[in-house]
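Beneath this line is the structure, given in structure tokens, with notes to follow.
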Amino acid sequence: MLKIDGYRMNRLITVDDLIDIFIKGRQRGFDFIISKFSLNNRNRTKSAFSESAKDSSNWWIIPAVRKRWNYLITGKATVNYKEFLVQEMLKEKTDLKMLSLGSGSCETEMELARYTNFKTITCVDLSEYGLSVASKLARQKGLNKLEFICSDISDYVFPKKYFDVVLFNSSLHHFKNVENLISQKILRSLTDDGILVINEYVGPNRLQFPKKQIQEVNKAIKIIPKKFRKRYKTNLYKNFFTGYGVLRMIVADPSECVDSNSILPSIHKYFDPLIEKSYGGNILMNALKDISHHFIKINGDKEKLLEKLFLFEDEYLKNHSSDFVFGVYKKKLLPILGTKEESHP
């Protein structure tokens, strides 16, 4: 059977792919759709993070969902992972040098720059737009710890044993050959007592979810009343979820989840977890996609509905690994084979 990018033709295209083309045209403009016909993979990836990317209705815009993440990661709905990282994992540490790869508009990095723990925060990203917005905002806020580098990961020169913290905030799943990146670049760029921090999608490559997961997402959609299933900026209602076709994934953004299921195995091979917390997403991400705007402001009924969806996902996670993980890791203490330099790959 013919395969594309390692996947069988029967997942090449789905009904949701066709719906998404229409919705993206309404939400982000048809110039965005035309940009996907570029033969240049890098240009298609960059277009996925253009200015129009902020106009969407995805699960992360829901305040109650963010509080759920906080609780599952930090134990407190009002404490996000950045606060937890600084106050618990980096407590009393100062003059830290941090590298953030795939930093986008650098909102997370600007939040971290307010803490005295950091001396410098280096943001590296492929998107000129995201970095230009971040640079302007950082100047306005007087955040002079930040530096911005527009570069492809393959062109960036990683300094040896220089950074105390390397951060991937929803970006590691966009990199190919994750194990090579972790072992040959991240590991060597961290100081001996440096840490790797991830807040990541770690599920199936190219969002090729198993049949059981797709079935459960459809059950969750049925829980939501029709009036809350009208898709953002359209007259269409969300009645089902068929999953994502491989062709759409590659055309829309060649970097999207290209090697995501290698993230945790690769990290665990070279690092030991100081903390690793799952926060789901297996059901909520796809059930709420394109209808999340209904839940920005919630009343009692909407609050109860979200709680019902949260419990539904919790039940699923009892027997399935989480698609999203927050983790903080230190280098493994490998047997010393020779000199200190030989102790790590």
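Here are a few things to note about the model shown:
- Residue check for SER105: touching a strand residue (DSSP E or B) at 6+ places or on another chain (Cβ under 9 Å) and either part of a loop (DSSP other than H, G, I, E, B) or over 21 Å from MET89 (Cβ atoms) (or both): yes
- Restricting region 110-120 to residues that are closer than 17 Å to GLN87 by Cβ and in contact (Cβ under 8 Å) with a residue 24 or more places away in the chain, the residue that is surrounded by the most Cβ atoms within 10 Å (Cβ to Cβ) is LEU112.
- Selection from region 186-204 of residues that are more than 16 Å from LEU85 (Cα to Cα) and within 20 Å of the chain's Cα centre (by Cα): ILE186, TYR201, VAL202, GLY203, PRO204
- Matching residues in region 214-244 - criterion: being among the charged types (D, E, K, R) and modelled with pLDDT under 95: LYS233
- Scanning region 279-318 for residues that are within 16 Å of TYR201 (Cβ to Cβ) and surrounded by fewer than 20 Cβ atoms within 10 Å (Cβ to Cβ) yields one hit, LEU317.
- None of SER321, SER260 is closer than 30 Å to ASP193 by Cα and either modelled with pLDDT under 95 or surrounded by 21 or more Cβ atoms within 10 Å (Cβ to Cβ) (or both) except SER260.
- Residue check, LEU247 of a type outside the set (Val, Ile, Thr), in contact with a strand residue (DSSP E or B) (Cβ under 8 Å, 6 or more places away or on another chain) and at pLDDT below 95: yes
- Close pairs (6 angstrom Cβ cut-off, 6 or more residues apart or separate chains): among the β-branched types (Val, Ile, Thr) in region 123-151, surrounded by fewer than 20 Cβ atoms within 10 Å (Cβ to Cβ) anywhere: VAL124/ILE149; VAL124/SER151; VAL124/TYR156
- Among residues of region 67-98 being touching a residue at least 40 places away in the same chain (Cβ under 8 Å), within 18 Å of PHE326 (Cβ to Cβ) and aliphatic (A, V, I, L, M), the one that is surrounded by the fewest Cβ atoms within 10 Å (Cβ to Cβ) is MET89.
- LYS222 vs. criteria out of contact with any helix residue (DSSP H, G or I) (no Cβ under 9 Å at 6 or more places or on another chain), farther than 30 Å from ASP192 by Cα and surrounded by fewer than 17 Cβ atoms within 10 Å (Cβ to Cβ): yes
- The residues on offer are ASN218, ASN199, and the sole one that is touching a strand residue (DSSP E or B) at 6+ places or on another chain (Cβ under 6 Å), in contact (Cβ under 8 Å) with a residue 12 or more places away in the chain and not in a loop (DSSP other than H, G, I, E, B) is ASN199.
The values are calculated or read from the model by the stated rules, or taken from the named source; none is laboratory data. Remember, it's a predicted structure, so these values are computed and weren't measured experimentally. Every residue, glycine among them, receives a Cβ derived from its backbone with ideal geometry; neighbour counts consider all protein chains shown.
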